[in-house]
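Chemist: Can you read through this structure? Questions will come right after.
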Amino acid sequence: VIDYIRRRAEITTLGNGAVLDPERLLERFLFDRTMHDQRLSTLSGGELRRLQLVATLAENPNLLVLDEPTNDLDVDTIELLEDYIDGFDGCVIVVSHDRAFLDGVTETTIAFDGKGAVQLFPGCYSDYREAAAELLAEAEAKPRIVPDAAKKPSARDGKERPRKATWAERKEYEGILDQIDALEAEKASCEAVFGSPAGAEELKEASLRYAELEKLIAERTARWEELSALVEEA
């Protein structure tokens, strides 16, 4: 464990000016001295994830890009990461579904509306949601001007028929659960690497692929739900 961190840096300077050697940096992230001589293969998946985080911070970057950083981290480690970012002398870009974490570490929100527009909002995620809700309430309170053409009833007025699944969508639906199962199996293989006597490079590759798989599984699951609704309407 100690060698893994020493290969990154012998000294790490925090934003508050504190200077930490590898031993003290590891202790700051809950690796006590009794663990410093352990082999990586003896660590749990959560401990390996935490160690990779420490290795990144040891290199003293001036820009951190964190994609779902709280996934698979325990509460104590998340709190330590929040403390580190709070004193970080640089820029941090965070993508996360953890709203509490976002509120704790961010000062600006980049909001994507899903239609191609991006808004830079000064404030944390909760501030952004509150402001967005106020704007929506104001918009709904304004009287709507209905064009004359829209007021005239059409001969074809009636309930809109729900869209049915196309042939291509049905074929996609039939195979999508197999795709999800295959992704889940590959994810389990990555988890097995975390608990194996793998080298640092293999662990890094497995960790990167693990993050990709989680995203793919979420996307495929959401697509399955969408297709399922269409197929059931048939």
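Chemist: Taking the chain as a Gaussian network, Cα atoms linked when under 10 Å apart, which of 138, 212, 169 shows the biggest mean-square fluctuation?
Modeler: Checking each option, the largest mean-square fluctuation is seen for 138.
Chemist: Which angle from 0 to 90°, rounded to the nearest 10, does the C-alpha axis of helix 200-233 make with the longest principal axis of the chain?
Modeler: Around 20 degrees separate the two axes.
Chemist: Give the label of the value calculated from the structure for P(r) over Cα pairs in 10 Å bins from 0, in percent, choosing from (1) 7, 33, 39, 19, 1; (2) 8, 30, 35, 19, 7, 1, 0; (3) 6, 21, 24, 22, 14, 7, 4, 1, 0.
Modeler: Read-out from the structure maps to (3).
Chemist: Hey, what do the phi angles of the range 60-74 turn into as Karplus ³J(HN,Hα) couplings, whole Hz, using 6.51/-1.76/1.60 and θ = phi - 60°, x for Gly and Pro?
Modeler: 6, x, 9, 9, 10, 10, 10, 9, 6, x, 8, 4, 6, 9, 6
Chemist: Hey, what angle do you get for helix 45-58 against the long axis of the chain, alpha-carbon based, 0 to 90 degrees rounded to 10?
Modeler: Tilt of helix 45-58: around 80 degrees.
Chemist: Can you count the Lys pairs in the chain whose Cα atoms are under 29 Å apart, with each pair 8 or more apart or on different chains?
Modeler: 19
Chemist: Okay, next question. Taking the chain as the reference, fit the longest principal axis to its C-alpha atoms, fit the long axis of helix 167-194 to the helix C-alpha atoms, and give the angle between the two in degrees, 0 to 90, nearest 10.
Modeler: 10
Chemist: So for the chain, averaging the separation of alpha carbon pairs under 8 Å that are six or more residues apart and normalising by length, what relative contact order in percent results? Walk me through the intermediate numbers first.
Modeler: Numbers: 218 pairs, mean separation 40.5, N = 234.
With pairs under 8 Å counted, the relative contact order is 17 percent.
Chemist: Want the number for residue 18 to residue 91: 0.36 nm per residue separation, take away the alpha-carbon distance, what's left? Working shown, then result.
Modeler: On the way: separation 73, 0.36 × 73 = 26.28 nm, distance 1.83 nm.
Full extension of this stretch gives 24.4 nm more.
Any read-out appearing in this document is the output of simple, stated calculations on the displayed coordinates, not a laboratory observation. Given the structure is predicted, the values throughout are model-derived calculations rather than measurements.
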